[in-house]
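Engineer: Take this structure, written in structure tokens, and hold onto it; I'll ask about it next.
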Amino acid sequence: MRDSLVNLAGSLPMVETIFARGHVGRARLARALTPALIASVCAVVGSSQVHSSTVTFVDATVEVGLDIEYSSRGVYGPGVAAADYDGDGDIDIFLSHDPNKLFRNEPAGLRDVAPELGLALTAELPPIDDRAHPTETDPTSMMPCFIDIDGDGDRDLFLTGWNTWNRFYRNLGQGQFVEETFSTGMGLIDRSATAAFGDFSTDGYVDVYVATWGGLDRLYRTQEQGGSFRDVSANSGVHGIQVPARASWSAVWFYQNADTLLDLYVGIDYGMPNFMFRNQGSGSFSDYSDQCFPDFLPNASMGQALGDYDHDGDHDLFVANSLSNNLYQYDSEADVYTDLLASPSPVGRALKDKKIGWFCDWPDVDNDGWVDLFLVNGYIPLCLPDNPFFPDQCGGDEFLQSNRLWMNDTQGSFVDATASSGIGHEGPGRAALVADFDLDGDVDFFVTNNFGRHVFHRNDTTEQGSWLTLRLEGNTRNSDAISARVFVEAQGVVHRRDRLATSGYLSQPSDEIYVGLGDATVADKVTVIWSNGTTDEWTQVDLNQRVLLKQGASGERGELPVRPQVTATNDASGVIVQWTVDQAEDWSRFRVYRTREGQFASTMATLDGSARQYVDETAELGQRYHYRIEATIDGVGVTSERASLVAEDPDLPPTFNERQPRLAPNYPNPFNPNTVVPFVVPVVVGEVPVTLTIHDAAGRVIVVAVDAPFAAGQHEVSWDGTDAVGRPVGSGVYFVRLTVEGFSSVARKLTLIR
């Protein structure tokens, strides 16, 4: 483990020394000293750690309600988005299917609301022309993205289209969408893949770059208070001179150098070169690909991920390709990226993977303070013998390719944890979501597959470090806080995260920012640099919670309010959730979150600032639940610890709250000739079919003692030692088996002595 190396409150000479030793570069330091904050956050190398060797993921696809199949025969999708589209505080999921699906996160579980919202598009579109007409093999849409374009606080929906037009739906609030594709200037027929959102023009509105496979990429500037889009591609420099049309799959906006302008990286298929466009600040871009990537070799690129895997304060870049990926480490002094996977570096040797990579991301899966690497692989089921990039693509053995997980060993190197973690699902993977769906502090994975069943991997890792989840709310022009930079300082170490609207391949990441903090007990400082350049700062932030931070709110309070204390108790009317807060504070809102054991967290209620109690009347007896309270004041929100319990009715006998069938010991035992067998029917609604059978030692059924419906609770039956026709059976060992419909059966031994 590394010790903490830097105290950010130290003097400038000390910071400069650390830069020099960390090979970050004095030139970069000089530029970064404006504002001084950026110098401090980039100067730190090292981290506190709680490294876990027991990372565990379980397949909970059926349990959470995502056991669905992708039926389209298109080879490139489906895309996916994680977004709180309805503004209730929990995570919803949009899938680009045929038809599309929007799973709203509700207390009863995930529910597809796309049909009722008019978003369940199919490929049945009017003919356009031979080139553009959708066929049965084409997906309706490629990538979904929920973004508040017009700054009204409601997230609008942008869908890229494959062989059809991109679509724009304005969110009217109250769960209503209206399509404004053509009136906003988006009615363009093409093969569009990724939509990358960011305010490149620095006017406060979020603009969009659309990566297009086989045609011209498009750069749209948002204008007229978010009312329309204007295509500024032609004069911006992004079309290039040598290769104006290309097979673009993905793109991401990021702060590549020390200025405050968003630059752009574009990943391109079919052996064409990827592009790095540097923002000139005048609405135009220059191609800096050769300068930044001097050793680049053309490949077939699908997705990319930005992350500071080595804790040097800048973004390193992982690019998922066909057969050979890239890990570009950034040298800020030389302003150059070096591919560690094409070098003798031990980091590069550990990460080599000869599959077809699509989605990639840098999550800290064990919260030890060092980001790990997750990669989704997927076969392309096309037989093109003249295709030089996929010479063996018709081989059956390669159709299913394993996803990969590499753990950062806290020294900037990686260990393959694919098999040991349970993450190595084999399938034709494409897009993915990385988010804390159950609000337990660690990130889970939802992976889409090109054919067949999608997979939800729940993170059940037990040895975890501390964590902090941040939700950002920007100003009225950029309420989603897209392109904000976040710096979390703990134990003298600074962890950087950026609020991105695009991740990996065809994926919109959660609007939450996840930071693992190892063995830290408090975040000394949380700093947010918003996209318009303003800065907010909060100090002494408690860990292991979700925090809502609003732009400009640090002017009201530099420290966050004290977290609420919450309890949950059983009552005949339901689960009573109560909380206490600082009575001197003028609280504006409380939100109640509930997680059923193993499933998604959902918002149960949003209450005004006078509330101190909520009664959960929908809790099912016998189910284990976790409750959290989010308390909001002056534009910031803090959450409580979890209060957990098994829902029971205290007015009922304990047996009426049992979760599984149970056989109690029979009495007397041994017996001659009669005995009583008590049994418990678990929590059910109404009555459920029950059978209770007596077997001999060889497993043969002697008699059916019970075959009738029963309600939940304790029951009993007598057996007089006779068989089905009333004949006495001999001495010996017998077995009683209880079967309740919908549950596993249970058995117990009986001893008869004549």
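The values are calculated or read from the model by the stated rules, or taken from the named source; none is laboratory data. Keep in mind it's a predicted model, so treat the numbers as computed, not measured. Note: ideal-geometry Cβ built from the backbone for every residue, glycine included; neighbour counts use all protein chains shown. Heads up: the accessible areas ignore ligands, DNA and RNA and are worked out on the full protein's heavy atoms, side chains in. Shrake-Rupley method; radii C 1.70, N 1.55, O 1.52, S 1.80 Å.
Engineer: Restrict the check to the range 475-486 and report whether at least one residue is part of a strand (DSSP E or B), among the acidic types (Asp, Glu) and buried (at least 20 other Cβ atoms within 10 Å of the Cβ).
Structural biologist: no
Engineer: Here is a further query. How many residues does the range 569-584 hold that are open to solvent by 50 Å² or more (accessible area, probe 1.4 Å), under 24 Å from Thr539 (Cβ atoms) and not polar (S, T, N, Q)?
Structural biologist: 2
Engineer: Moving on. So if I check each of Phe451, Phe456, which one is modelled with pLDDT of 95 or more and aromatic (Phe, Trp, Tyr)?
Structural biologist: Residue meeting the stated conditions: Phe456.
Engineer: Take the residues in the range 174-196 that are open to solvent by less than 10 Å² (accessible area, probe 1.4 Å) and not polar (S, T, N, Q), then tell me which one is farthest from the chain's Cα centre (by Cα).
Structural biologist: Met186
Engineer: Moving on to the next point. Of the residues in the range 228-251, how many are part of a loop (DSSP other than H, G, I, E, B), out of contact with any Ser or Thr (no Cβ under 8 Å at 6 or more places or on another chain) and not small (Gly, Ala, Ser)?
Structural biologist: Residues flagged as part of a loop (DSSP other than H, G, I, E, B), out of contact with any Ser or Thr (no Cβ under 8 Å at 6 or more places or on another chain) and not small (Gly, Ala, Ser) within the range 228-251 amount to 6.
Engineer: One residue is enough: does the range 252-264 have a residue meeting the conditions open to solvent by less than 10 Å² (accessible area, probe 1.4 Å), assigned to a strand (DSSP E or B) and of a type in the set (Asp, Glu)?
Structural biologist: Yes.
Engineer: Name every residue in the range 331-367 that is without any contact (Cβ under 8 Å) to a residue 24 or more places away in the chain and open to solvent by less than 10 Å² (accessible area, probe 1.4 Å), in order of residue number.
Structural biologist: Gly348
Engineer: Pairs please, first residue from the range 270-291 and free of Cβ contacts under 8 Å to residues at least 40 places away in the same chain, second anywhere and open to solvent by 60 Å² or more (accessible area, probe 1.4 Å), Cβ atoms under 7 Å, 6+ apart in sequence or on different chains.
Structural biologist: Filtered contacts from the range 270-291: Met272/Pro298; Pro273/Pro298; Phe275/Asp287; Met276/Tyr288; Arg278/Tyr288.
Engineer: Let me ask something additional. Suppose we keep only residues that are at pLDDT below 90 and of a type outside the set (Gly, Ala, Ser) within the range 270-289. Which one would you say is surrounded by the most Cβ atoms within 10 Å (Cβ to Cβ)?
Structural biologist: Among them, the one singled out is Pro273.
Engineer: Please go through the range 74-121 and give me each residue that is open to solvent by 10 Å² or more (accessible area, probe 1.4 Å), in contact (Cβ under 8 Å) with a residue 24 or more places away in the chain and closer than 19 Å to Thr160 by Cβ, ordered by number.
Structural biologist: Val75, Tyr76, Tyr85, Asp98, Pro99, Lys101, Leu117, Gly118, Leu121, listed by residue number.
Engineer: Among the residues of the range 560-584, how many are of a type outside the set (A, V, I, L, M, F, W, C) and in contact with a Phe, Trp or Tyr (Cβ under 7 Å, 6 or more places away or on another chain)?
Structural biologist: Residues in the range 560-584 being of a type outside the set (A, V, I, L, M, F, W, C) and in contact with a Phe, Trp or Tyr (Cβ under 7 Å, 6 or more places away or on another chain): 2 in total.
Engineer: Hey, another quick one. Outside any strand (DSSP E or B), crowded, with 17+ Cβ neighbours inside 10 Å and not polar (S, T, N, Q): is that true of Val683 in this structure?
Structural biologist: yes
Engineer: Then there's this: Sort through Asp290, Asp259, Asp295, Asp308 and tell me the only one that's acidic (Asp, Glu) and closer than 27 Å to Gly369 by Cβ.
Structural biologist: From the options Asp290, Asp259, Asp295, Asp308, the qualifying one is Asp308.
Engineer: Is the range 620-638 home to any residue that is assigned to a strand (DSSP E or B), open to solvent by less than 20 Å² (accessible area, probe 1.4 Å), touching a strand residue (DSSP E or B) at 6+ places or on another chain (Cβ under 6 Å) and acidic (Asp, Glu)?
Structural biologist: Checking the range 620-638: at least one residue is assigned to a strand (DSSP E or B), open to solvent by less than 20 Å² (accessible area, probe 1.4 Å), touching a strand residue (DSSP E or B) at 6+ places or on another chain (Cβ under 6 Å) and acidic (Asp, Glu).
Engineer: For Leu29, indicate whether it is surrounded by fewer than 19 Cβ atoms within 10 Å (Cβ to Cβ) and modelled with pLDDT under 90.
Structural biologist: So Leu29 fails the test.
Engineer: (1) open to solvent by less than 70 Å² (accessible area, probe 1.4 Å); (2) modelled with pLDDT of 90 or more; (3) among the hydrophobic types (A, V, I, L, M, F, W, C): which one isn't true of Val701, the others all being true?
Structural biologist: So the condition that Val701 fails would be (1).
Engineer: Something else about it: Could you check the range 552-568 and list, in sequence order, the residues that are open to solvent by less than 40 Å² (accessible area, probe 1.4 Å) and either assigned to a loop (DSSP other than H, G, I, E, B) or basic (Lys, Arg) (or both)?
Structural biologist: Arg557, Gly558, Leu560, Pro561, Arg563, Pro564
Engineer: Still on this structure: Of the residues Thr595, Thr606, which single one is part of a strand (DSSP E or B), under 30 Å from Val434 (Cβ atoms) and open to solvent by 40 Å² or more (accessible area, probe 1.4 Å)?
Structural biologist: Thr606
Engineer: A further question on this structure: For the range 686-698, which positions are in contact (Cβ under 8 Å) with a residue 12 or more places away in the chain and surrounded by fewer than 12 Cβ atoms within 10 Å (Cβ to Cβ)?
Structural biologist: Listed by number, the residues that qualify are Gly686, Ala697.
Engineer: Tally time: how many residues in the range 301-324 are outside any strand (DSSP E or B) and either touching a His at 6+ places or on another chain (Cβ under 9 Å) or open to solvent by 20 Å² or more (accessible area, probe 1.4 Å) (or both)?
Structural biologist: Residues in the range 301-324 being outside any strand (DSSP E or B) and either touching a His at 6+ places or on another chain (Cβ under 9 Å) or open to solvent by 20 Å² or more (accessible area, probe 1.4 Å) (or both): 6 in total.
Engineer: Is one or more of the residues making up the range 277-295 in contact with a Gly (Cβ under 8 Å, 6 or more places away or on another chain) and within 22 Å of Cys145 (Cα to Cα)?
Structural biologist: no
Engineer: Here's another thing I want to ask about it. Out of the residues in the range 550-574 that are among the hydrophobic types (A, V, I, L, M, F, W, C) and more than 19 Å from Ser640 (Cα to Cα), which is modelled with the lowest pLDDT?
Structural biologist: For the range 550-574, the residue satisfying everything is Ala572.
Engineer: Going through the range 639-676 one residue at a time, which ones are of a type in the set (S, T, N, Q) and either open to solvent by 40 Å² or more (accessible area, probe 1.4 Å) or closer than 16 Å to Ala601 by Cα (or both)?
Structural biologist: Hits for the range 639-676 are Thr639, Ser640, Ser644, Gln660, Asn669, Asn672, Asn674.
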